[in-house]
1. With a 10 Å cut-off between alpha carbons and a GNM built on the chain, which of PRO72, PRO98, PRO55 moves the most?
2. Read phi for every residue in region 71-78 and hand back ³J(HN,Hα) as whole Hz from Karplus 6.51 cos²θ - 1.76 cosθ + 1.60, θ = phi - 60°, with x for Gly and Pro.
3. Counting only helical runs of four or more DSSP H residues, what would the 222 nm mean residue ellipticity of the chain come to if each run contributes -39,500 (n - 2.57) and the total is spread over all its residues?
4. Bin all alpha-carbon pair distances of region 15-93 at 5 Å intervals from 0 and give each bin's fraction as a whole percent.
5. Rg over Rh of region 3-150, using C-alpha atoms and the Kirkwood radius, what does it come to?
6. Rank LEU103, TYR46, ILE61 by how far each Cα sits towards the positive end of the charge dipole of region 3-150 (+1 on Lys, Arg Cβ; -1 on Asp, Glu Cβ) and give me just the farthest.
Amino acid sequence: MSQTKTNARKAVVQALYQWQMTGQSLISIELQFEEDGRLKGVQKSYFKELFHGVPECLDVIDEVLSEFVDRPVDVIDPVERAILRMGVYELMHRPEMPYRVVLNESINLAKDFGADGSHRYVNGILDKVAQAKRAVEIKSKVQGARQKAQD
C-alpha cells in the first residue's frame, strides 16, 4: 500500500471531521489544507476523490451504515463517523482496492485519531459492511485459501 494513499486517507479523515463539525464548504476546507501544507506527501487525486465522494454519496453511505450500527449515524463519535463513512465509500466505489486494505487502513486511522477502543468498533462495522458489499471477493479469497490448503 502506498504511503501517499495512506496519507491521503489521514487527510480525508481530518477534512471530513472538519466538514462535519463546521459545515464549511468542501472547497474552502480543501484550500485550507493545501495552504497549511497538510496535503504534502498525499496522493492528491485520491484525497479529492474520497473527500468529495463521501459527501456526494452521503445518503447512500449513511443508509448502509445504519444497517450495521447500534445507534443513529449522526450520534456516532465524529471521528469514528468520518472514518466509517470513508471506509464505506471505498468498499462501495473502489472495488480494485482489497477490502482487507480498506479495513486495515480504517482500523489504523481509528487507533491514530479515535478514542480508546474505537478501532474495534470501526473494525466490527466495516467488516459487516464488507461481508455485505464485497461478498464475492471474500468468498473467492476463502475458496482460494481452501484450494491452497488442499494442494
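1. Of PRO72, PRO98, PRO55, the most mobile in the Gaussian network model is PRO72.
2. 7, x, 4, 6, 9, 5, 3, x
3. For the chain, the value works out to -25000 deg cm²/dmol.
4. The calculated distribution, bin by bin, is 3, 15, 26, 25, 18, 8, 5, 1.
5. When Rh is taken as the Kirkwood radius, the ratio is 0.99.
6. Toward the positive end, the furthest listed residue is LEU103.
Throughout, read-outs are computed from the coordinates displayed, never taken from laboratory work. Not measured: the values here are computed from a predicted model. Ideal geometry is used to build each Cβ from the backbone, glycine not excepted, and the neighbour counts take in all protein chains shown.
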